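The values are calculated or read from the model by the stated rules, or taken from the named source; none is laboratory data. Worth saying up front: this structure is predicted, and the values here are computed from it rather than measured. With ideal geometry, Cβ positions are generated from the backbone for all residues, glycine too; neighbour counts draw on all protein chains shown.
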Amino acid sequence: MVVTHQGFFDAPLAEIDPAMGDIVARELTRQQTHIELIASENLASRAVMQAQGSIITNKTVEGYPGKRYHGGAAVVDEMERLGIARAKELFGCAYANLQPHSGSQANQTVLHTLLKPGDRILSMDLSAGGHLSHGAQVNQTGRFYDVAHYGVRRQDGLIDMDEVAKRAIAHQPQMIIAGGSSYPRVIDFAAFRAIANEVGARLLVDMAHIAGLIAGRAHPSPVPHADVVTTTTTKTLRGARGGLIVSNDEDLGKRIDSSLFPGVQGSAHLQIMAGKTVCLGEALRPEFRDYAAAVVAHAQVMATTLLERGYDVVTGGTDTHLLLLDLRRQDLKGNAACDRLEAAGITSNKNAVPFDDQKPWVTSGLRLASSSATTRGLGPDDFRRLAGLTADVLDEMAAGGGLDGPAVSATRAAVSEICAQHPIYPNSIVTET
Ligand code: DSN
């Protein structure tokens, strides 16, 4: 009996599944015709996507290279070793694990390795820019561990290291976590190390947002200071959607390996590992340093332009790819501002600002970032223009203008022009592997 349908091995998606082919084609159109300013997004290269969508998806393995539970693993063992070697070279570390399915699972693995249920964590408050998987009440990490938080100073939005030290002494955590998802400034990793040493805690740094900037030498590295560092491989690293753990402590690395599998995850997602390996290779190229430097410079151009236009930028600027607009002065809500910008062709996300009194699905802020549009080829003048257009749309909204206002339509036209000048993937990508 023949059980594979005609075209199973060679027909393109659009032919086999027109409904899904159409969805992918329309999402491609959206990406081609909008400017992406979401800080956790980027544009992966054709090569990354080709690896990620490759026949490697067919292979199942558990364990690590040379110690697998399934046969036929010699080729993918070579891939995992290559990816690990690239990660170690890129981040200058002695150990890397490419298997976490996501940044959250990387964090979960580290906590599972180093803590017992009920142990104490000190991490950045989600509302101040931390992350769910750092012990937020609504996350499983908030249930398993006894979590206290530090935040940022009301007057300048910066982490107050004296306050972190006080809270560490009061809470006596077994683990301190630094890093987050909307903090725009360089974090003093050495100061976190000193506090961790003082209270006998392990230091985990989650560099998910800034990993590409660190890889490209546009941001200081936490690797010399932290016991262990986690990241996602998308965002500024511009790769496949997954997680990564690195450390300089090889003994700890052995414990992390056996905690991840079988403690947290099952079989590896080898096709994602293939994409991660390609992106790590891309980040090792000299031109990636130019990219990382440009990302920071472009975010600073946007911050300066928006400040000049009367918008409050949390901390007064940025050292990274992201900036956080506080819209309370304009009496605007983050959700409505995000929707209005999207109608004008600019994609962003609503985001709580420190000491926000709005609900998380409303917020008083917008998070903007330069990483994806820099990949697209936009330069400083484009980012100045984009920030000005953003201010035009928000000004019009604050003045009571509607979706049909002139700033929205003028911005939509300008975005179309910028997108046409900086095209991304060809339409044929929908029908290719
Ligand atoms: N943590 C979310 C963000 O920063 O947007 C997803 O990566």
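Numbers for the structure displayed
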| item | result |
| --- | --- |
| Subset of region 248-275 (residues that are within 22 Å of the chain's Cα centre (by Cα), under 16 Å from Val76 (Cβ atoms) and outside any loop (DSSP other than H, G, I, E, B)) | Leu270, Gln271, Ile272, Met273, Ala274, Gly275 |
| Test result for Asp331, over 20 Å from His219 (Cβ atoms) and surrounded by fewer than 23 Cβ atoms within 10 Å (Cβ to Cβ) | yes |
| Top-ranked residue in region 293-331 [being of a type in the set (D, E, K, R) and in a loop (DSSP other than H, G, I, E, B); ranked as farthest from Met397 (Cα to Cα)] | Asp319 |
| Set Arg217, Arg238, Arg255: member being buried (at least 24 other Cβ atoms within 10 Å of the Cβ) and of a type in the set (Lys, Arg) | Arg238 |
| Some residue of region 230-243 being away from the ligand (no atom under 16 Å from the Cβ), closer than 24 Å to Ala73 by Cα and out of contact with any strand residue (DSSP E or B) (no Cβ under 8 Å at 6 or more places or on another chain) | no |
| Any pair with Cβ under 7 angstrom, 6 or more apart, that starts in region 339-363 at a residue that is more than 16 Å from Glu36 (Cα to Cα) and ends at one that is within 16 Å of the ligand (Cβ to nearest atom) and assigned to a strand (DSSP E or B) | Ala352/Gly365; Val353/Leu324; Val353/Gly365; Asp356/Gly365; Thr363/Lys350; Thr363/Asn351 |
| Positions within region 334-353 being more than 16 Å from the ligand (Cβ to nearest atom) and either among the β-branched types (Val, Ile, Thr) or farther than 16 Å from Ala398 by Cβ (or both), in sequence order | Gly345, Ile346 |
| Test: Val110 is under 20 Å from His269 (Cβ atoms), part of a helix (DSSP H, G or I) and in contact (Cβ under 8 Å) with a residue 60 or more places away in the chain | yes |
| Condition broken by Ser181, with the remaining ones in (1) within 16 Å of the ligand (Cβ to nearest atom); (2) outside any loop (DSSP other than H, G, I, E, B) satisfied | (2) |
| Exclusive hit being within 16 Å of the ligand (Cβ to nearest atom) and either in contact with an Asp or Glu (Cβ under 9 Å, 6 or more places away or on another chain) or within 23 Å of Gln155 (Cα to Cα) (or both), set Thr320, Thr315, Thr304 | Thr320 |
| Residues that are crowded, with 24+ Cβ neighbours inside 10 Å and either part of a loop (DSSP other than H, G, I, E, B) or within 16 Å of the ligand (Cβ to nearest atom) (or both), drawn from region 220-229 | Pro222, Ala226 |
| Hits in region 112-125 (condition: of a type in the set (A, V, I, L, M) and surrounded by fewer than 24 Cβ atoms within 10 Å (Cβ to Cβ)) | Leu114, Leu115 |
| Whichever residue in region 376-396 is surrounded by fewer than 22 Cβ atoms within 10 Å (Cβ to Cβ) and under 21 Å from the mean Cα position of the chain (by Cα) and, among such residues, is nearest to the ligand (Cβ to nearest atom) | Arg376 |
| Set Ser409, Ser364, Ser428, Ser370: member being small (Gly, Ala, Ser), within 30 Å of Ile55 (Cβ to Cβ) and either away from the ligand (no atom under 16 Å from the Cβ) or buried (at least 21 other Cβ atoms within 10 Å of the Cβ) (or both) | Ser428 |
| Selected residue [on the phi < 0 side of the Ramachandran plot, modelled with pLDDT under 95 and over 26 Å from the mean Cα position of the chain (by Cα)] from Glu62, Glu15 | Glu15 |
